Structure formats: C-alpha cells, structure tokens
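One structure below.
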Amino acid sequence: MDDSQAFSHGPVTHEFTLSPMETFSSDIILSATQDNEFVHISMQPLQNEIRSPCDICCVVDTSGSMSPAAEIENDKNEHYGLSQLDLVKHALKTIINSLQDQDRLSLISFSDKATILFKLTAMNEAGKTKALDKVEKLR
C-alpha cells in the first residue's frame, strides 16, 4: 500500500483519503483488509517525549450481561472461551501497564449499584500492583 490511497465500499456514500502527516517524526503504518472494509492506523509515540500527566476513571459493567462469551462478529461466529468481561479486564490491564508514574487511575464497577474500587491513585509500581489486583478480582 502506498502512503496515500482512497478507499470505498459499495455505493460511495463517504470517501476519504489516508495519508500520514509529514510533521510526525514517528512511524505511521496504514493498512486495510483485502476488501477495504476496515482500516487500521498504527503509530508509535516519540521516544523520550514529555507529556502531561493524565487522570483516568474506568467504569466497568460487571452485571450478568458481561458474562456471555465474546463472539467475533463475522459469518463464522467464532468463540475463544473468553467472556465480555475477560476482554474488558485485558483492556484495563493494557491501560494500567501503559501508564506512567505521574498518571492517576480510578476504578468503578457497577451491576445493580456502583462501587468505587479505588479512588484516583498514582500509577507508580505500588499503584499499578493495586490496580491490577482489583481488575483481576472483577466478577
């Protein structure tokens, strides 16, 4: 795929052009499925770049609706033995492990009522350990 390519699917209702911005000094990867139905844009952050701290509050549904197996929505309806909550927990762990010491995270779960599992906590080593433990215990 070249650096700039237009995609359309079926009758053209929206047309867009993908092209990496030349002002970035990081790698940008553009890829599409064979049928051009989905586009994946991936980029790596600049190394040693200073960014502002962030505060993130994750609110997680732990009700029975999160228990069913997560299906891949295609014509095969594939299953891999993971519940919807398992996928959310994996995403939360990815977020936690990507945060830096100056970032803060809080976690709230809800089913029939909301519960604060922990308030905004610095994501240093101790904070990450606490957060990962709480995520693992989500049911």
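The values are calculated or read from the model by the stated rules, or taken from the named source; none is laboratory data. In this text, all values refer to a predicted model and were calculated from it rather than measured experimentally. FYI the Cβ positions are ideal-geometry reconstructions off the backbone, even for glycines, and counts take in every protein chain you see.
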### Condition check for Thr115: touching a helix residue (DSSP H, G or I) at 6+ places or on another chain (Cβ under 8 Å), of a type in the set (Ser, Thr, Tyr) and not in a helix (DSSP H, G or I)
no
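Consider Leu120 carefully, then state whether it is under 29 Å from Gln47 (Cα atoms) and either in the same structural domain as Thr33 (by TED's automatic domain parsing) or in a strand (DSSP E or B) (or both). Show your work before the answer.
Working: under 29 Å from Gln47 (Cα atoms): yes; either in the same structural domain as Thr33 (by TED's automatic domain parsing) or in a strand (DSSP E or B) (or both): yes.
When the stated conditions are applied, Leu120 passes them.
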### Task
Would you check which residues across region 99-139 are modelled with pLDDT under 95 and basic (Lys, Arg) and list them?
Arg139
### Summary
Quick count over region 121-139, residues being in contact (Cβ under 8 Å) with a residue 60 or more places away in the chain and loosely packed, with under 14 Cβ neighbours inside 10 Å, is 1
## Note on the structure
Note on region 97-113: residues aliphatic (A, V, I, L, M) and either touching a Cys at 6+ places or on another chain (Cβ under 6 Å) or surrounded by fewer than 11 Cβ atoms within 10 Å (Cβ to Cβ) (or both) are Leu107
### Task
Take Gly10 and decide whether it is small (Gly, Ala, Ser), over 30 Å from Ala122 (Cβ atoms) and modelled with pLDDT under 70.
yes
